[in-house]
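The values are calculated or read from the model by the stated rules, or taken from the named source; none is laboratory data. These figures come from a predicted structure and were not determined experimentally. Here Cβ is always computed from backbone atoms with ideal geometry, including for glycine, and neighbour counts include all displayed protein chains. The area values use the complete protein model at the heavy-atom level, side chains included, leaving out ligands, DNA and RNA. Shrake-Rupley method; radii C 1.70, N 1.55, O 1.52, S 1.80 Å.
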Amino acid sequence: MTQSRKIDKDISQLSAAKQALLDKMLQGKAKTLKNETDLEASSQQLAQTLPQIVPAPHQRYEPFPLNEMQQAYWLGRNNFFEMGNVAIHLYCEIESINFDVARFNQAWQQLIQQHDMLRAVVLQDGQQQVLETPPSYQIEVCDLQSQSHEQIESELRKIRDRLSHTVKSLEHWPQFEIVAARVDAVKTLLFMSIDGWCVDGGSFQVLFRDLVKLYENPQASLPTLEFSFRDYVMAINELEQSDLFQRSLDYWQQKIKTLPPAPELPLA
């Protein structure tokens, strides 16, 4: 007996009410599958018409909009928001033996030229812009070798307090600060503060990977980047005008009404 015949035989042994219920359930499942298949086909058709990221090197230094996360970072730096007046940024300290300041400066300059957003600023109208030729950046060097242990600790604390809580003006370049403190003849403490409005978590990994490569080998070259962040933002803005985006937005605007509210956390 085939599997199909066995199923038919088993169904025939059900009561009329159970057979009717089973038939209704199967019809509903078939309708759901059809709807899902139609939706997938429709989505695939729409996806074929989506805008593509197109490199626009001739527009590289023209202003372009902030994305949504950048807008939040930009507004959150102000004190008119509760818990505002803070900047998202990376702060770290690196202890180095026989640190070569000149070699690091060269590597950092190459990094600035490689990654556009290290040269970006926010304009007064809320747009961002990559500077074509910013001034050369030189890291600050503090020579503490001749000072006492207490004086050294005091100076390091001042540098740490300043860089770890800095809120820079995004209208002015640069939005990073690097200080090298020479503690003795061989040891240097490197303090780095980089504003996070233009660098996300994945980008930090790329930056430090490239920085290490260039510092260890000053003759090293970095790959040519086909797309810029500006290209990406402009493509996202075009995507938001598409039918697929509008359908997705409509879906989630209705869906969010059925979701539980955010937790009400106490604020100090």
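Couple of notes before you dig in:
- Residue count for the stretch 158-183 satisfying the condition of being assigned to a helix (DSSP H, G or I) and charged (D, E, K, R): 4.
- Taken together, Ala72, Ala87 contain a single residue that is closer than 21 Å to Phe204 by Cα and either in a loop (DSSP other than H, G, I, E, B) or open to solvent by 70 Å² or more (accessible area, probe 1.4 Å) (or both), which is Ala87.
- Restricting the search to helices (runs of 4 or more DSSP H) fully inside the stretch 187-268 and requiring at least 1 residues that are farther than 24 Å from Glu68 by Cβ gives 201-216.
- Residues being out of contact with any helix residue (DSSP H, G or I) (no Cβ under 7 Å at 6 or more places or on another chain) and in contact (Cβ under 8 Å) with a residue 40 or more places away in the chain - total across the stretch 207-229: 3
- The residues of the stretch 249-262 that are within 23 Å of Gly84 (Cβ to Cβ) and within 25 Å of the chain's Cα centre (by Cα) amount to a single one, Ala262.
- Meets criteria (surrounded by fewer than 17 Cβ atoms within 10 Å (Cβ to Cβ), in a helix (DSSP H, G or I), in contact (Cβ under 8 Å) with a residue 24 or more places away in the chain and among the acidic types (Asp, Glu)) for Glu155: yes
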